[in-house]
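First the structure, in the form of structure tokens, and then the observations on it.
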Amino acid sequence: MKSNLLMNFTVDKENKTVNIKREFDASLSNVWSAWTEPEILDQWWAPAPYKSKTTSMEFKEGGKRLYAMVGPEGEERWSCFEYTSISPKTNFKHSSTFCDAEGKPNSAFASSYWDLTFSEQGDLTVVDIAITRDSFEEMEKLIEMGFKDGITATMQILDKIFEARK
């Protein structure tokens, strides 16, 4: 596994946005599948010791993914993605909202708005992610919850999945 894969994480306070740029040692097709198919997402979309559990997912414009991050004691932290735009193997956008097991939004947290762009660079695939919040305070709350460490850890799990497939 390549250990020097790019992982940039920056916070743009003025625009209330977290920007992540991440390289993967895998084809564009495999990286796209890992981000858009629930069977693969559930293998990596939660930092250890949590596991991802998707209960429903329709990857299409207007579709949703309802899933939980399940802790070692069985506790569940639910979220819902609502897909707003999809350009196959190039870009997709979705909102991400904390919710209950039925998908009812948790009013204590505002949604995040994700814009993911996929591109090939040589034999690597680059995913550029812009995550915007409604206010900088909401952005700070997300970061204080350990978002940077969590997303970094999940992407390392994804690296291992790609390495195992080589």
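Numbers at a glance
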read-out: In segment 1-93, the GluC sites (Glu not before Pro) that fall in loop regions by DSSP, at most 15 other Cβ within 10 Å; value: GLU14, GLU58, GLU61, GLU73, GLU75
read-out: Inter-part distance where segment 1-65 and segment 74-137 are each reduced to a Cα centre, Å; value: 9 Å
read-out: Calculated [θ] (222 nm, deg cm²/dmol) that DSSP helices of n ≥ 4 give over the chain, each run adding -39,500 (n - 2.57); value: -8000 deg cm²/dmol
read-out: Segment 1-72: relative contact order as a whole-number percent, Cα under 8 Å and 6+ apart; value: 18 percent
read-out: Label-point separation, ASN4 to SER29 (7 Å along Cα→Cβ), nm; value: 2.9 nm
read-out: Gained length - LYS13 relative to LYS89, 0.36 nm times residue gap less alpha-carbon distance; value: 24.4 nm
read-out: Whole-number D in µm²/s for the chain (Stokes-Einstein; Kirkwood sum over Cα pairs; 20 °C, 1.002 mPa s); value: 131 µm²/s
read-out: Restraint check, LYS60/LYS93; LYS51/LYS160; LYS16/LYS64; LYS16/LYS160, Cα-Cα greater than 22 Å; value: LYS16/LYS64; LYS16/LYS160
read-out: Whole-percent carbon and sulfur share, accessible surface of segment 71-165, 1.4 Å; value: 48 percent
read-out: Kyte-Doolittle at least -0.5, axis length at least 24 Å by Cα - qualifying DSSP helices, the chain; value: 147-165
read-out: Cα→Cβ-extended label distance, 7 Å offset, between ASP149 and ALA108, nm; value: 2.0 nm
read-out: Selection from ALA110, MET7, PRO88 lying farthest towards where the dipole of the chain points positive, charges on Cβ; value: PRO88
read-out: Mean accessible surface per residue for the chain, computed with a 1.4 Å probe while every protein chain stays in place, in Å²; value: 52 Å²
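The values are calculated or read from the model by the stated rules, or taken from the named source; none is laboratory data. Small disclaimer: the values here were computed from a predicted structure and weren't measured. When we count neighbours, we look across all protein chains shown, and the Cβ atoms used for this are built from the backbone with ideal geometry, even at glycine. Protein only, heavy atoms only, side chains kept; ligands, DNA and RNA dropped before computing areas. Shrake-Rupley method; radii C 1.70, N 1.55, O 1.52, S 1.80 Å.
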